[in-house]
1. For segment 35-51, does any single residue satisfy the condition of being open to solvent by 50 Å² or more (accessible area, probe 1.4 Å), assigned to a loop (DSSP other than H, G, I, E, B) and of a type in the set (A, V, I, L, M)?
2. Identify all residues within segment 62-81 that are touching a Lys or Arg at 6+ places or on another chain (Cβ under 8 Å) and of a type in the set (G, A, S); write none if there are none.
3. Residues in segment 1-27 that are under 19 Å from E54 (Cα atoms) and either among the small types (G, A, S) or in a loop (DSSP other than H, G, I, E, B) (or both): how many?
4. If you take the residues of segment 42-66 that are over 15 Å from C10 (Cβ atoms) and among the acidic types (D, E), which of them is farthest from the chain's Cα centre (by Cα)?
5. Which residues, taken from segment 52-68, are open to solvent by 30 Å² or more (accessible area, probe 1.4 Å) and not in a helix (DSSP H, G or I)?
Amino acid sequence: MRIEYDRDTCIGIYQCVDEWDAFEKDMDAGKAELVGAEETEEDTFVLEVPEGEEFDAEMAARVCPVDAIRLYDDDGEQMVP
C-alpha cells in the first residue's frame, strides 16, 4: 500500500496529523508534512505505508477535507478518496 500526498493542495487543517503519526505539522508553511516520503513531482510526496499502519493511513486520507491525500492498494488501485 502506498500513500500520495499533494502538499500544494493542503490547506493546513491538520486532521491527518491527528489520525496518523507519519504526518506532522509544519506551522511555518501552514501545511502538513509526510515524514520520510519521497518527492516524486513538485509538491507530491509518496510513501510506502509500513505494515500495521494501513488503518491509520486510510483514516488520514479519509479525513482530509480537500482530498490532498490518496491511498493506493498493492495493485495500484486507488482506494481513497
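The values are calculated or read from the model by the stated rules, or taken from the named source; none is laboratory data. In this text the structure is predicted, and so the values were computed from the model without any measurement. Ideal geometry is used to build each Cβ from the backbone, glycine not excepted, and the neighbour counts take in all protein chains shown. The accessibility values were calculated without ligands, DNA or RNA, using every heavy atom of the protein model including side chains. Shrake-Rupley method; radii C 1.70, N 1.55, O 1.52, S 1.80 Å.
1. Taking segment 35-51 first, the residues open to solvent by 50 Å² or more (accessible area, probe 1.4 Å) are 35-36, 38-42, 48, 50-51.
Restricting the remaining residues to those that are assigned to a loop (DSSP other than H, G, I, E, B) gives 35-36, 42, 50-51.
Next, from what is left, pick out any that are of a type in the set (A, V, I, L, M): 35.
Looking for residues that are open to solvent by 50 Å² or more (accessible area, probe 1.4 Å), assigned to a loop (DSSP other than H, G, I, E, B) and of a type in the set (A, V, I, L, M), one finds at least one in segment 35-51, hence yes.
2. From segment 62-81, those touching a Lys or Arg at 6+ places or on another chain (Cβ under 8 Å) are 68, 71-72, 78, 80-81; that's our starting set.
A68, the sole residue that qualifies.
3. So the count comes out to 5.
4. E51
5. In the first step, residues of segment 52-68 are kept if they are open to solvent by 30 Å² or more (accessible area, probe 1.4 Å); the result is 52-56, 58-59, 62-63, 65-67.
Within segment 52-68, G52, E53, P65, V66, D67 qualify.
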